Amino acid sequence: MPLPEPIANIAERIVTYYETKTTPPFLIYQYEPKHEYTVRRELSDLRKWLEADPRNIDCDTISLAAVFWETLEEGGQLEEIISLERAGAYEDAHLAVRQVLSARPTVADRVVERIESKQTERSAIFLYRAGALYPAHRTSTLLDELKARIDSPVTLLYPGRIEGDYGLRFMGQTEPTYGYRALIIPRGES
């Protein structure tokens, strides 16, 4: 099956890594938030392509929304956070969420645990539903923490906008972040 150019670019980088065994690529697939469901279908096609012969790359998708809710439930503050939001105390709720997400095990710890439980010699990791972390946790922080701990290609599906050459505006809402140490691959508007 032919893959759209940006998805083919991601596929090529993952396959090249397993052919050369250099540094695993950390990629950001940037797209407009309105394309969320289209991007998920593209991810499904990419997984099928990577898993097929002769590539045989095991693909693991991790929902950051699932990690987010698991963390809040285990942190024991979910009801308090819901109460704060219902009362309109959004800043207090966001602060409480930030504190829970940064406590051990952190979001990165939980993602690493999921990866390690399924990782094979030829794995590719895809992180999706990053919007669930907004505005309490920065995806740049998550990727920085993972980069030092994961030895497989990682692709973050990033709902947002590119600002300038290297800035990313998460969900089109945040101030642009310029500190990403991952290759940004824009989806385009198609």
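The values are calculated or read from the model by the stated rules, or taken from the named source; none is laboratory data. Predicted, not measured: the structure shown is a model, and the values here were computed from it. Neighbour counts run over all protein chains shown; Cβ positions are idealised from the backbone, glycine included. Note: accessible area is taken over every heavy atom of the protein model, side chains too, but ligands, DNA and RNA are not part of it. Shrake-Rupley method; radii C 1.70, N 1.55, O 1.52, S 1.80 Å.
Brief remarks follow.
- Selection of region 124-134 for residues being open to solvent by 50 Å² or more (accessible area, probe 1.4 Å) and either out of contact with any strand residue (DSSP E or B) (no Cβ under 6 Å at 6 or more places or on another chain) or more than 17 Å from T155 (Cβ to Cβ) (or both) yields only Y134.
- Among (1) over 30 Å from A52 (Cα atoms); (2) open to solvent by less than 60 Å² (accessible area, probe 1.4 Å); (3) at pLDDT below 90, the one test that V107 misses: (3)
- If you go through region 23-43 and pick out every residue that is buried (at least 18 other Cβ atoms within 10 Å of the Cβ) and polar (S, T, N, Q), you end up with 1.
- Odd one out for T61 among (1) touching a Lys or Arg at 6+ places or on another chain (Cβ under 9 Å); (2) in a helix (DSSP H, G or I): (2)
- Region 65-96, residues that are of a type outside the set (D, E, K, R), closer than 20 Å to L127 by Cα and in contact (Cβ under 8 Å) with a residue 40 or more places away in the chain: A65, A66, V67, F68, W69
- The set of residues from region 20-54 being modelled with pLDDT under 95, part of a helix (DSSP H, G or I) and either in contact with a Ser or Thr (Cβ under 8 Å, 6 or more places away or on another chain) or closer than 21 Å to K147 by Cβ (or both) comprises T20, L43.
- Among the residues listed as L84, L95, L50, L46, the single one being among the aliphatic types (A, V, I, L, M), at negative phi and open to solvent by 70 Å² or more (accessible area, probe 1.4 Å): L95
- Among the conditions (1) out of contact with any strand residue (DSSP E or B) (no Cβ under 9 Å at 6 or more places or on another chain); (2) open to solvent by less than 30 Å² (accessible area, probe 1.4 Å); (3) aliphatic (A, V, I, L, M), I150 misses just one, which is (1).
- Test: residue in region 13-22 that is of a type in the set (D, E), under 16 Å from the mean Cα position of the chain (by Cα) and loosely packed, with under 14 Cβ neighbours inside 10 Å: no
- Within this structure, I62 fails the test of being farther than 23 Å from I150 by Cα, buried (at least 16 other Cβ atoms within 10 Å of the Cβ), in contact with a helix residue (DSSP H, G or I) (Cβ under 9 Å, 6 or more places away or on another chain) and among the aliphatic types (A, V, I, L, M).
- Residues satisfying the stated conditions in region 10-19, i.e. charged (D, E, K, R) and at pLDDT 95 or above: E12, R13
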